[in-house]
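Following: one structure in structure tokens, then a few remarks.
The values are calculated or read from the model by the stated rules, or taken from the named source; none is laboratory data. Everything quoted here is computed from the prediction, not taken from an experiment. Cβ atoms come from the backbone with ideal geometry, glycine included; neighbour counts cover every protein chain shown. To get the accessible areas, we keep the full protein, side chains included, count just its heavy atoms, and leave off ligands, DNA and RNA. Shrake-Rupley method; radii C 1.70, N 1.55, O 1.52, S 1.80 Å.
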Amino acid sequence: MAVQFFRHSAYGFEGRDPHYAPVPKLPDDGTRPLLARPLMLESLAYELRRYRAMQVNGRNCLVAGPRGSGKTTIVLTAHEEVDGESKAHRCRLIRVRLHGPSLLKDPAGFERGEDGIQEHVLKTVLINLYQTLCEELAFEYRNYCKTRLDPARREDALEMAAELRLTLDGAPDASAIRSFWEAIGAMPGGVLFPDCQADQGAAEIVALATASDAYRSCTGSYTRATTDEDSAATATELAGKVEAKGSELRDLITSAALTTGAAASAQYAGLPAPIVALAGASTALLSLSTLSYTSSRKRAKSANEKVTFLPDLSVSSLVHRAPLILRRLRQAGIAPVFIVDELDKIPNLYDRLTSVVSHLKFITADQAFFCFLTDPAFLSQLAEANRERADVVQRTIFTNLLFLTYTPSQLREYLAEVIQIQDPRDDKERRELEMDAEALGYVLVNRARVLPFELVRAVAELRDDMGWLRVGARVPRQELAYQFHLMIQLAIEVVLSARFIVERIERDLNFAHMLGDALYYPNSQWYAGEQRFDCSAKGILSAIAASTGYEVRLSERDRDLLHERVTTMLDLVESPANLKREVKLAVAEGRMQVSQEVWEAVPEQPALVVKHDDDTYEWMYNRYGVPHKSASILDIVDNLELQNALEGIDAFVTGLATVSVSSDPDSVVQAIAPVLEALDKLASVQI
Amino acid sequence: MISAGPAILDLAVLETWGVIRSTTPWSELNAARGRLADLRDQKEKRAYDAMERDRDQVLQYASLLRRTLDTIRYAACVAVDLTRYATADNAGENFGDAMRVISESLNLRGRDEDTTRGELLRCYRELFGGRAPADSMLPGGPFPGQVDAWIAALNATIAQMKQESEQKDIALVRQGAWAAWQDRLVALINDAPEVPVDLDYMRCRMRREAAGTILPAITAPLRLNEWSDAYLKGVQRVATVDAGAAVPLWFPMGVAAILGFDLRPDVSTITSGVVEVEAKGIERLAARMPAQSSAQRGLLVVRVTTGSLTDTWERPARPLPAISAPFETFTGEARINWRHFWSRVEGMLVEVDATERLADAAKRIAHAQSLGRLPTCPVRLMTRVARQEPLPTGMVHVAAPADLAAAWR
């Protein structure tokens, strides 16, 4: 089959076997490709643009979606798209990844009550924020060195950039940071947007230093008392050394003490041993410098006054400092986007997350952009809470509820994009191959149960060692395994295409998700090898609860609707002739778009599913198109004893009818003539 | 010559008349065969729910056929013999009737596989006069391949039977049947083992003659009313030239003995005025009864015509002889002569219909007694349910007695 996946040119059309098609290769960098563009992506990107443009100070987004639906990919894609759109905004969106279970699973913190939770969450947020910030700024610092400095200074400056990265691990104070910025001449314009503003450099140092302070508070027991007068003198001496040229700096660093823990951090960062040694020394040395060193005005002031400043660096003060840090980051053109992932692995998530988010809403919604990635259970529980009471706190803690869901047609659009017909012999063959490809789209979407992750896997299952698709021509429309998938998917889409369902899905994400789960519940049973399954309303909901791990919460009316839709779908599968008629009607009414050659490929025999009286259905074939009870069938079809019995009974029935049971002498003579003749030949039969 | 009707031996007929008895009815098995054949022929094999059950049923049925091949052969031969005594012109009808007669006579539908085989074998041997063909026509090997041979052998056996066992004269058949009946009655009177059903009985039954219809040949289950009715049929003198309808006089005397009444003291009275053959028959029977005669008096049960509560009553035990009859048999034109009983009646049980008042029943009985149609003796009125009605003086009422003893206690 000349169906080719062209997106990855490594898999070109081989041309040897016209029945094979290449399959796209997954990216080597471990990221997941964006297979389709769900509506949610646009919503998220829109909110990120507003945040970047400072039209909103922050957003608190709940991003819900089933496992494998690509929540993380979608959030990362939205970030990349918005961040890369324009440099004109003087704003950098930085991604701060937070591991959900680490953020919310702190037994010690939770034991200390709400304050403990709040403290733990704040510490985790700020630690990750600082580390991400360091990465971003160190990266941009290095870029600055590479692109802005003349070649004569570039070598030393790049060493300086490495030095900065290691120094930042030790959470340096402002003066140390400033010395780095000054060393490369980034003090006025900064490293992030060097062409934009004169005070950008100072804003970057302020932001970084503020975050560094918070980081120190979060990661260790640390207090500081500063006497400006003493430090000013010391700083004068040191600053002169910092301003020295690169070669002098190297000498200075070599002579410094090699006792700090930054070495370990550098080693962790994968740097060579000499650089690691350098890191330890420089951290110790540069942390002694101050931001006020070059200011003669401040220096004079410090000479006249003895000021003792004891800043509150306790963890408890983070509540007050966190908004400050975030504001200073925004002032420096840095807009953090926090992505809290893996939340579906936390038991009792609903209570924990709503508690934490409601307590920290002043940060999560008002000062930064937060994305909480959960499974649909959370959304379901939230919807339930909203249904029950109008004044629940959970109603307002999330500014945006985003549900990641794909429609079958979205995934098929992707498949249509990556599958193309190549080198058909004539128009007729082109048409046939197009129909094969279209049918294959339905098959793959059904196998994937509309989950992108599963779609990748479903495609991979069809891929051979050479990267070609193991699907022969006409196979998607002629082999039972494919035809059954096609049939089920068409039935699902017919059911989903009903006007009232389309409207309901559009305005009720939670119901949409439940309906999707319910309609693919028989599919799950099919894939699990369960022959007979309960399709009562209770049975459907129980099965969904068992597979997803959460209890389905729906009103009684919606339960009935769900049940009705599932049984309607199964009845269509049970009666393929009706299914074809419904598809034809849906196509005529514009509710579905499917080629006639595709829906006509639905087989009317054999029956895939059979309905029983007790609201249960039974799959007659497995997902590979093999009949269930195939062993029993073989036992029957190949059973010699049974064949003998059947043939024997047949012969008996036929033979008895020929027995002369009439007492008429003439008929007896007539009847026994051939018998007597036959008896002569049957010497072995004793009479 | 008999017309060539659809004389068909098939498994449905054999099952209907109890010759073969499968746990799976033939109609169901046929459906199972169809499903299995479909499964075998399907290109895409489709499993179905009852697949294994169908397989097991077919295997069991085939096994049953193997076991009952001889039984079928015996039944087929006996049935063909019986068709020779049939009165209808249609061969198919005659064969079906013959199968029914075999089944009813031998009570095949109430018997197990082995007993059925044994009963049919006995009849089959009787047919061949002890020179019956050997059994075991299928010593082993593939079943289907042997069926043709077996069918051929069956046809040959039937042909052989027709040649070796000639059709008997009907007078001899009748004579043989009545002789067997006398043996049967004597055995019962003497508490001897039951005399088995004989071919002549079945042949008479085939012709609907008295010897084949007066009573079922298997007498053990017969009850009071069935024996009493046989007595009534025996003593009713019908003006007919049909010898097949006549019942010899010794037969009611034997039946009376089975009901507990010994009529031998009246033999001379009974035989006076009858033809010699009848008289000899009576004397022969009297001679075969127990030597000591019984003077035990018994009960006369006057029952209602339909739905009598006495229908379930067992044959009376010796100490309390009894005979039952509808009231109409004591009155009207068709009344029989009860004179041999009057002196042997100790009391009378009169069943009263639900629509009749007890007083009216008492009046009716008294009137019949006054005319000499009923004996003058103590009377008890029986009803199916208890009644709170005034009774004539001296009259006793008993409600829903379970048996004879309970009614006369």
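Quick notes
- Any hit, region B:321-338, residues being over 21 Å from B:L232 (Cβ atoms) and without any contact (Cβ under 8 Å) to a residue 60 or more places away in the chain: no
- Some residue of region B:142-159 being assigned to a loop (DSSP other than H, G, I, E, B), without any contact (Cβ under 8 Å) to a residue 40 or more places away in the chain and under 29 Å from the mean Cα position of the chain (by Cα): no
- Taking (1) open to solvent by 30 Å² or more (accessible area, probe 1.4 Å); (2) closer than 29 Å to B:Q160 by Cβ; (3) outside any loop (DSSP other than H, G, I, E, B) in turn, B:L69 satisfies each apart from (1).
- Matching residues in region A:118-158 - criterion: being open to solvent by 80 Å² or more (accessible area, probe 1.4 Å) and closer than 28 Å to A:T354 by Cβ: A:Q131
- Scanning region B:49-66 for residues that are buried (at least 21 other Cβ atoms within 10 Å of the Cβ) and either of a type in the set (D, E, K, R) or under 21 Å from the mean Cα position of the chain (by Cα) (or both), we see that the one that is farthest from the other protein chains (Cβ to nearest Cβ) is B:D54.
- Restricting attention to region A:408-451, the residues being modelled with pLDDT of 85 or more, open to solvent by 20 Å² or more (accessible area, probe 1.4 Å) and of a type in the set (S, T, Y) number 1.
- Region B:161-173 - residue that is surrounded by fewer than 19 Cβ atoms within 10 Å (Cβ to Cβ) and in a helix (DSSP H, G or I) and, of those, farthest from the other protein chains (Cβ to nearest Cβ): B:A171
- Listed by first and then second residue, the pairs with beta-carbon distance under 7 Å, at least 6 apart or on different chains, first residue in region A:183-209 and over 17 Å from A:R142 (Cβ atoms) and touching a residue at least 24 places away in the same chain (Cβ under 8 Å), second β-branched (V, I, T) and buried (at least 20 other Cβ atoms within 10 Å of the Cβ), are A:A207/A:I334; A:A209/A:I177.
- From A:R165, A:R178, residue being out of contact with any Cys (no Cβ under 8 Å at 6 or more places or on another chain), modelled with pLDDT of 85 or more and assigned by TED's automatic domain parsing to the domain that holds A:R328: A:R178
- Residue match in region B:181-198 (condition: under 30 Å from A:L656 (Cα atoms) and among the aliphatic types (A, V, I, L, M)): yes
- Where helices (runs of 4 or more DSSP H) fall entirely within region B:275-371, those with at least 1 residues that are open to solvent by 20 Å² or more (accessible area, probe 1.4 Å) and modelled with pLDDT of 90 or more are at B:276-288, B:358-370.
- Test: B:N155 is within 19 Å of B:Y201 (Cβ to Cβ) and either modelled with pLDDT under 85 or out of contact with any strand residue (DSSP E or B) (no Cβ under 7 Å at 6 or more places or on another chain) (or both): no
- With respect to the conditions (1) more than 28 Å from the chain's Cα centre (by Cα); (2) part of a helix (DSSP H, G or I), B:A98 falls short on a single one, namely (1).
- Candidate set: region B:82-93, residues that are closer than 24 Å to B:L215 by Cβ and assigned to a helix (DSSP H, G or I); chosen: the one nearest to the other protein chains (Cβ to nearest Cβ): B:T83
- Helices (runs of 4 or more DSSP H) enclosed by region A:527-637 - at least 2 residues per element that are within 14 Å of chain B (Cβ to nearest Cβ): A:630-637
- Look at (1) more than 8 Å from chain A (Cβ to nearest Cβ); (2) surrounded by 22 or more Cβ atoms within 10 Å (Cβ to Cβ); (3) modelled with pLDDT under 85 and you find that B:P6 fails only one, number (2).
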